[in-house]
Amino acid sequence: MKEKIKAIAIIVLSISAFSLSVISMQEANQEILVSAKAISNEKIGWGIKRNNEHVQPDLGASRLETLSKNKGIAIGNANSKKIYLTFDQGYEAGYTSEILKTLKENKVPATFFITGHYLNTQPELVKQMIDENHIVGNHSARHKSMPDISDEEIKTELLTLHQAVYEKFNYEMKYMRPPKGEYSERSLIATSNLGYTTVMWSFAYKDWEENNQPNNQEAIKMITENFHPGEIMLLHGNSKTNTEILPEIIKQAREQGYEFYSLDQFEK
């Protein structure tokens, strides 16, 4: 009888332990689900609310918080008259050689965010960027919107280009700019997990349409009136206007007390 009671007790204890184990697993799975739901894939399109008098623009406090907590930057120190010049290079329109010449003559560092297409069609220019101590950044292999693709596809988009640049030039990319300026909390986390710093911007203007280029004087006015401390300036390398006015932009920036710095010297 005692042995029978002992056996029943063992069974009850085993069932209890199993039940606790199941409950623990359910709680753990629930925590994972809650955590997954907390990571938003809502697409965020970058935008700028400009201010006057060379004050830093309003980039949106919540967007900046989401960006910064996931290893991203968009604007530097508000008390430092530093400008970080960046170019997006989806494809070549015949102007980058002149842009590089201007940068070299004026001793200005820049960051060029390239695509897989740009690397495949313009390897000599990419090599020149590297040789002349500019930064080459990752603009993805095929210029896909990051929130529209899975984490695995994000990994493929960035690392395919990363590996190709490394194999050609023994150069490790570490900065990326999301195609179309679109991202989500999920895509930022995926990008950060790959070791990349996401770089947005605090100034841009409509300069990318080759057949609808802005007037040179209007473009100069737009750019120079919006100089601000900690500016990450975005220009497109396929712009004839940008190529022609770049020497004047550099001149006026320096006359206003600004200087150009590399993203490697970024100051928050």
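For the range 250-268, taking the residues that are over 22 Å from Tyr175 (Cβ atoms) and in contact with a Ser or Thr (Cβ under 9 Å, 6 or more places away or on another chain), the one that is surrounded by the fewest Cβ atoms within 10 Å (Cβ to Cβ) is identified as Gln256.
If only residues of the range 74-121 that are in a strand (DSSP E or B) and among the aliphatic types (A, V, I, L, M) are counted, the one that is farthest from Ile223 (Cα to Cα) is Ile114.
Ser62: outside the structural domain of His143 (by TED's automatic domain parsing), in a helix (DSSP H, G or I), polar (S, T, N, Q) and modelled with pLDDT under 95, yes or no? Let's see the steps before the verdict.
Details: outside the structural domain of His143 (by TED's automatic domain parsing): no; in a helix (DSSP H, G or I): yes; polar (S, T, N, Q): yes; modelled with pLDDT under 95: yes.
Considered against the rule, which asks whether it is outside the structural domain of His143 (by TED's automatic domain parsing), in a helix (DSSP H, G or I), polar (S, T, N, Q) and modelled with pLDDT under 95, Ser62 comes out as no.
One residue stands out in the range 184-211 among those that are touching a helix residue (DSSP H, G or I) at 6+ places or on another chain (Cβ under 8 Å), over 19 Å from His228 (Cα atoms) and among the hydrophobic types (A, V, I, L, M, F, W, C): the one that is surrounded by the fewest Cβ atoms within 10 Å (Cβ to Cβ), namely Leu194.
Taking each residue of the range 51-75 that is within 17 Å of Asn41 (Cβ to Cβ) and touching a residue at least 60 places away in the same chain (Cβ under 8 Å) and looking for partners that are β-branched (Val, Ile, Thr) and surrounded by 13 or more Cβ atoms within 10 Å (Cβ to Cβ) with beta-carbon atoms closer than 7 Å, six or more apart or interchain, yields Leu67/Thr198; Asn70/Ile189; Gly72/Thr197; Gly72/Thr198.
What number of residues in the range 201-218 are acidic (Asp, Glu) and under 18 Å from the mean Cα position of the chain (by Cα)?
Restricting attention to the range 201-218, the residues satisfying the condition of being acidic (Asp, Glu) are 207, 209-210, 218.
This time we only want the ones that are under 18 Å from the mean Cα position of the chain (by Cα), so: none.
Residues that pass the stated criteria total 0.
Against the list (1) buried (at least 16 other Cβ atoms within 10 Å of the Cβ); (2) over 13 Å from the mean Cα position of the chain (by Cα), the condition Leu234 fails is (2).
The one condition from (1) touching a Leu at 6+ places or on another chain (Cβ under 6 Å); (2) under 25 Å from Trp208 (Cβ atoms) that Asn70 does not meet is (2). Yes or no: the range 165-174 includes at least one residue that is closer than 23 Å to Ala93 by Cβ, part of a loop (DSSP other than H, G, I, E, B) and assigned by TED's automatic domain parsing to the domain that holds Glu65. Yes, there is a match, as at least one residue in the range 165-174 is closer than 23 Å to Ala93 by Cβ, part of a loop (DSSP other than H, G, I, E, B) and assigned by TED's automatic domain parsing to the domain that holds Glu65. The residues on offer are Lys144, Lys81, and the sole one that is within 20 Å of Val199 (Cβ to Cβ), free of Cβ contacts under 8 Å to residues at least 60 places away in the same chain, crowded, with 16+ Cβ neighbours inside 10 Å and among the basic types (Lys, Arg) is Lys144.
The values are calculated or read from the model by the stated rules, or taken from the named source; none is laboratory data. Being a predicted model, the structure only gives us computed values, none of them experimental. A quick note on method: Cβ atoms are made from the backbone with ideal geometry, for glycine too, and the neighbour counts reach across all protein chains shown.
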